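Please read the structure below before turning to the comments.
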Amino acid sequence: MRALAILGSTGSIGTQTLEVLQRHPGQYNVQLLAAGKNWRLLEQQIRLFRPPWAALADEQAARELQARVKDLEVEILVGEKALTDLLASQGFDMVVAGMVGHVGLLPVVAAIQGGANIALANKEVLVMAGHIVTELCRQKGLQLLPLDSEHSAIFQCLQGHSCPDVRRLILTASGGPFLGKSKAELANVTPAQAVKHPNWQMGAKISVDSATLMNKGLEIIEASWLFGIDPENIDVLIHPQSIVHSMVEFRDGAVLAQLGIPSMEVPIQFALSYPGRWSSPDNYFLNRLDLPELTFSQPDTEAFPCLELARAAISRGGNAPAVLSTVNDICVEYFLAGKLSFNGIPEVIAHIMSEVPWQENPDLTQILETMEKTIRVTRSHIESME
């Protein structure tokens, strides 16, 4: 069996990945489960899948877990360095990158250096360091498989085609929970409202990104690196039904679309089974596609300016996307804590984008320095606003 590591195993992507694996035993041997601080759920996962390694970012959580799993043959790793050292040295066959935000960058780079194929849900990795990650994969002959539903849709539509055949990529967006609201109406929305996505079950951070449309801006950058398409040839359409997951327009005028019910388990399963396709359980087909009315519209960038901020960052290039992604992470953290308004998210992003020095072609060390500076400047700025 192929050796598998799951980064972010207690999050939405990680738990759904493990559910897929339970339905298809004998395909992968889960050897590493890594999480932030949810040691209780991680303990359950360890007892079910019996990996030789588990990792937690939080030291106190790791101590709690260690005490709970003394009866098992599992080594508990603590912190980023221990995790990246293992990923770089162990040589997993596949690593599912389900971590959220900028914290996923170094583990993914380490996993590639260790020779692992990557199933990528953490779009920030390519936003911050797409030129580094894609080149590393090319040098080592490794696959970079998308887990996002939109990028999985494009990947599936491109089977049998090459990038020169493509005229345009069309990413669809549900519009999130605040579709149709004006900027004034968004002034007082709460974190509880922002994380209640109408179609998808996701973690808090990505749910907020969906609500601000930053998620779609990050996806433009991710798609550009994944498929080698100029960002100017990547469009976004609001599609509230979330049935058409994305489309590819070819140079002869043909358009291919991938459709399905809103379920992350399908793109996860496709990445794990590629180039084959595993069967989905019978109960999946109880919700089978009945094709309701499908509607599409242009995004409202006045009410949701994050999409244009993302386009400006990729147009500027260099370390600008890394600044964008990092400051957004911090803004969402403060918003979820009730310390920043919803409309304050794009306002802070725009401010910090002008504050952090620009670098033209940053290496990994410079990207990490950019992240550290951005985190420091962003926290200082938001706390000065309170």
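The values are calculated or read from the model by the stated rules, or taken from the named source; none is laboratory data. Please read all numbers here as calculations on a predicted model, not as lab measurements. Methodologically, a virtual Cβ is constructed for each residue, glycine included, from the backbone with ideal geometry; neighbour enumeration extends over all protein chains shown.
Quick rundown of the values:
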read-out	value
Selected residue (criterion: farthest from the chain's Cα centre (by Cα)) from residues of the stretch 21-35 that are over 25 Å from D282 (Cα atoms) and in contact (Cβ under 8 Å) with a residue 60 or more places away in the chain	Q31
Single unsatisfied condition, T365 versus (1) surrounded by fewer than 17 Cβ atoms within 10 Å (Cβ to Cβ); (2) more than 23 Å from the chain's Cα centre (by Cα)	(2)
Subset of the stretch 221-233 [in contact with a helix residue (DSSP H, G or I) (Cβ under 8 Å, 6 or more places away or on another chain) and either buried (at least 23 other Cβ atoms within 10 Å of the Cβ) or not β-branched (V, I, T) (or both)]	I221, E222, A223, S224, W225, L226, F227, G228, D230, P231
Enumeration of residues in the stretch 338-370 that are free of Cβ contacts under 8 Å to residues at least 12 places away in the same chain and closer than 18 Å to E383 by Cβ	E347
Answer residue from the stretch 77-112, given it is in a helix (DSSP H, G or I) and touching a Ser or Thr at 6+ places or on another chain (Cβ under 9 Å) and is nearest to L272 (Cα to Cα) among those	A111
Number of the condition not met by T301 [criteria: (1) touching a helix residue (DSSP H, G or I) at 6+ places or on another chain (Cβ under 7 Å); (2) not in a loop (DSSP other than H, G, I, E, B)]	(2)
Condition check for R379: more than 25 Å from G180 (Cα to Cα) and among the basic types (K, R)	yes
Residue in the stretch 251-259 that is at pLDDT below 95, closer than 19 Å to N199 by Cα and in a helix (DSSP H, G or I) present	no
Residues satisfying the stated conditions in the stretch 327-346, i.e. touching a Cys at 6+ places or on another chain (Cβ under 9 Å) and over 19 Å from A310 (Cα atoms)	L340
Every residue from the stretch 135-177 that is assigned to a helix (DSSP H, G or I), out of contact with any strand residue (DSSP E or B) (no Cβ under 7 Å at 6 or more places or on another chain) and surrounded by fewer than 20 Cβ atoms within 10 Å (Cβ to Cβ)	E135, L136, R138, Q139, K140, C163, P164, P177
Unmet criterion (only one of (1) in contact with a helix residue (DSSP H, G or I) (Cβ under 6 Å, 6 or more places away or on another chain); (2) closer than 25 Å to I330 by Cα) for G114	(2)
Residue within the stretch 209-218 that is in the same structural domain as G318 (by TED's automatic domain parsing), assigned to a loop (DSSP other than H, G, I, E, B) and at positive phi present	yes
Among the residues listed as E372, E333, the single one being out of contact with any Ser or Thr (no Cβ under 6 Å at 6 or more places or on another chain), of a type in the set (D, E), within 19 Å of L186 (Cα to Cα) and outside the structural domain of A110 (by TED's automatic domain parsing)	E333
Residue pairs meeting the criteria (Cβ under 8 Å; at least 6 apart or on separate chains; first touching a residue at least 60 places away in the same chain (Cβ under 8 Å) and closer than 15 Å to M264 by Cα, in the stretch 89-102; second assigned to a loop (DSSP other than H, G, I, E, B) and among the aliphatic types (A, V, I, L, M))	V96/A121; V96/L147; A97/A121; A97/L147; G98/A121; G98/L147
Hey, I330 at pLDDT 95 or above, within 19 Å of the chain's Cα centre (by Cα), within 22 Å of L171 (Cα to Cα) and β-branched (V, I, T) or not	no
Exclusive hit being touching a residue at least 24 places away in the same chain (Cβ under 8 Å) and more than 30 Å from V377 (Cβ to Cβ), set L218, L237, L226	L237
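Condition check ((1) part of a helix (DSSP H, G or I); (2) touching a Cys at 6+ places or on another chain (Cβ under 7 Å); (3) polar (S, T, N, Q); (4) over 21 Å from I229 (Cα atoms)) across all residues:
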residue	(1), (2), (3), (4)
L309	yes, no, no, no
V348	yes, yes, no, yes
S354	yes, no, yes, yes
L368	yes, no, no, yes
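So that you can scan it fast, the table gives a plain yes or no per residue for (1) outside any loop (DSSP other than H, G, I, E, B); (2) surrounded by fewer than 17 Cβ atoms within 10 Å (Cβ to Cβ):
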{"position": "S263", "(1), (2)": "no, no"}
{"position": "F270", "(1), (2)": "yes, no"}
{"position": "N283", "(1), (2)": "yes, yes"}
{"position": "P292", "(1), (2)": "no, yes"}
